[in-house]
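Here, each number is a calculation from the coordinates, and none is a lab measurement. Since the model is a prediction, treat every value here as computed from it, not as a measurement. Neighbour counts run over all protein chains shown; Cβ positions are idealised from the backbone, glycine included.
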């Protein structure tokens, strides 16, 4: 069986099943970041790697500054999804000998711009030759206060589901210019206590079932409430992916208060109540499965 | 100008020149690992990413277990070269849809074997599609006691240069099966205090000048003392690369004592005194430059 017939989640589950985790591992594979440190430490370390590949996540003729921005911001978004603060980054490039030095410098300008914007130091930069497409791997090390660390697995039946921003349309270009919701996530974990959170990277249709599964819940989704990017369809909002918006579950008692406070704190960024977690035994968990899977046939 | 006419060191120097480093960055780009933490902390964090690419660092028909071992051990070797201890790892794969699931599982078996051998937990594993060659990025987070952390930059004129093991022959297969000198490096920094250290990844001919330059020194190399892998020539020992042996500079006062203790501690691993650091103004710093450069024309 090759990867096209396997699916990304199944593959990762297979690969990470037999990993032995040390005493200082709070959360291993499966959440937005790894969480490391002693169980009662005041702060935990967050660790995340993420790669973009030419021909998959960007095209040869895309602006290299925007490619660098995207490569960096994907990992920042994962740190935000834990409620954390990114601090240090490593960049690994694999690049063909035919690529112009100026192109790589422009890519780095995009990486540097994102690093500066989100307060991160790029502390290492490896390069290697690639016989084909360009690869950019970004690793971010950060931290989060233990009592503000939000996992995917803490959701409970009854929790209200919110999503930030508008979904869909990434393929029209937004995927190269998105803003990771770092400030919003830090505000959220300081003022409210979501039970579960993630960033929407593969589309709501793929990611909401993941969040529900990690929390041991089913879910309801009110499709009329899904915030759709202007000019997009609901299908695009659910399936395009690379939105990098926050999706989180909050106790119903706090939902109205959050919505009120949110409008004051972030008047220009919509926050939409799109559904809720329910008991897992209830029916409609697998309503859809059309988000982006890296290996599946189109 | 494209990368083939630029050279790896020049490219990295260009890219990392304008990076802004935060207050907690002890060492940024340019050493074997980034070193992070408060100036007087008891332990510092080490951070390193390294990638292997199909067609560059391994071939399609190489045993995937050995490819996984190599990908992991390259980063372990960089942590060893700082005198440190690797603790947590992230693995990023970019892989074609045509690759068999069994192949990727075997690759992971090699990664897991190396992780277990060196006491590291794999705490995250991303996968992505690649339109072409396979790409494996390994990030390792580790630590080192502040007073045992060995940089490239601490060497002084008069220091004796030693190298572990035997050099050359990596291309005949050793590059897939090498053992990073983690135990040896930890012993070394506990019992002696090298002024400067690195691992030999691009060949002594490329790496010794780098170590000397980082330390602001020139160097002498006694080519008759270079330990050569059986069946190899001196040119191969200097230029093949991917030896992953330790190269370090020690005050002359301690050299004889080290050699005596080393034979007792590691009777099966040669330690060779190959030269010394000298004043930079002296002539023969640029005697050779035929190590492996990732972008240079062959």
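How high is the relative contact order of the stretch B:62-217? Use alpha-carbon pairs under 8 Å, at least six apart in sequence, and give a whole percent. Walk me through the intermediate numbers first.
Working: 246 pairs, mean separation 54.6, N = 156.
Normalised by residue count, the contact order of the stretch B:62-217 is 35 percent.
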Using only the alpha-carbon atoms of the protein assembly as shown as identical scatterers, what base-10 log of I(q)/I(0) does the Debye formula give at q = 0.06 Å⁻¹?
-0.32
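Hey, what number do you get for chain A at 222 nm if only DSSP H runs of n ≥ 4 count, each worth -39500 (n - 2.57), divided across all residues, to the nearest 500? Walk me through the numbers before you get to the answer.
Numbers: 7 runs with 84 residues, N = 298.
My calculation for chain A gives -8500 deg cm²/dmol from helical runs alone.
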Which angle between 0 and 90 degrees, to the nearest 10, do you get for helix A:252-265 versus the longest principal axis of chain A when only C-alpha atoms count?
50 degrees
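Calculate the FRET efficiency for residue A:42 and residue B:105 from the Cβ-Cβ distance with a Förster distance of 51 Å, rounded to the nearest 0.05.
0.85
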For residue B:109, place a label point 7 Å out from Cα along the Cα→Cβ vector, do the same in each other copy, and report the separations in nm, one decimal, smallest first.
4.9
What list do you get for A:201, B:130, A:77 if you sort them by fewest beta carbons within 10 Å?
A:201, B:130, A:77
Separation of the residue A:265 and residue A:18 label points, Cα + 7 Å toward Cβ, nm
4.5 nm
Where a ≥ b ≥ c are root eigenvalues of the Cα gyration tensor, a/c under 1.5 meaning rounded, otherwise prolate if a/b exceeds b/c and oblate otherwise, the stretch B:212-283 counts as oblate
What does the structure give for A:9-16 when I average, per residue, the other chain Cβ atoms found within 10 Å of the residue Cβ?
5
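Could you check how many percent of all C-alpha pairs in the stretch B:3-148 are farther apart than 23 Å? Let's see the in-between values first.
Values: 4544 of 10585 pairs.
In whole percent, the share of Cα-Cα pairs in the stretch B:3-148 beyond 23 Å is 43.
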One quarter of the C-alpha convex hull surface, i.e. the mean projected area of the stretch A:97-166 in nm², amounts to 8.6 nm²
Average other protein chain Cβ within 10 Å of Cβ, residues B:17-24:
5
Ascending list, in nanometres, of distances separating the residue B:97 label from those of the other copies (7 Å, Cα toward Cβ)
3.2
Once each part is reduced to its C-alpha centroid, what is the distance from the stretch A:11-64 to the stretch B:212-286 in angstrom?
38 Å
For chain B, take the longest principal axis of its alpha carbons; what is the angle in degrees between that and the long axis of helix B:101-117, to the nearest 10 within 0 to 90?
30 degrees
Put a label point 7 Å from Cα along the Cβ direction on residue A:233, then list its distances to the equivalent points in the other copies in nm, shortest first.
6.5
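Report, for the stretch B:160-286, the % of DSSP beta bridges that are antiparallel, rounded to 5.
On the way: 18 of 19 bridges.
DSSP beta bridges in the stretch B:160-286 are roughly 95 percent antiparallel.
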First measure r as the distance between the Cβ atoms of residue B:98 and residue B:220, then evaluate 1/(1 + (r/R0)^6) with R0 = 60 Å and state the FRET efficiency to the nearest 0.05.
0.70
Principal-axis tilt of helix B:64-80 within chain B, Cα atoms, nearest 10 degrees
40 degrees
Bins of 5 Å, starting at 0 and running to the largest distance - Cα pair percent for the stretch B:160-286:
2, 11, 22, 25, 20, 14, 5, 1
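With the contact rule set at Cα under 8 Å and sequence spacing of 6 or more, what percent relative contact order holds for chain B?
Numbers: 653 pairs, mean separation 66.8, N = 298.
Here the relative contact order equals 22 percent.
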Once you put a point 7 Å from the Cα of residue B:157 and another 7 Å from the Cα of residue A:147, both along the Cβ direction, what distance in nm separates them?
5.9 nm
Could you give me the radius of gyration and the Dmax of chain B, taking only the C-alpha atoms into account and expressing both in angstrom?
18.8, 58
As a footprinting exposure proxy, order A:8, B:223 by other Cβ within 10 Å, with the fewest listed first.
B:223, A:8
Using Cα springs under 10 Å in a Gaussian network model of chain A, which residue among A:72, A:219, A:135 shows the largest mean-square fluctuation?
A:135
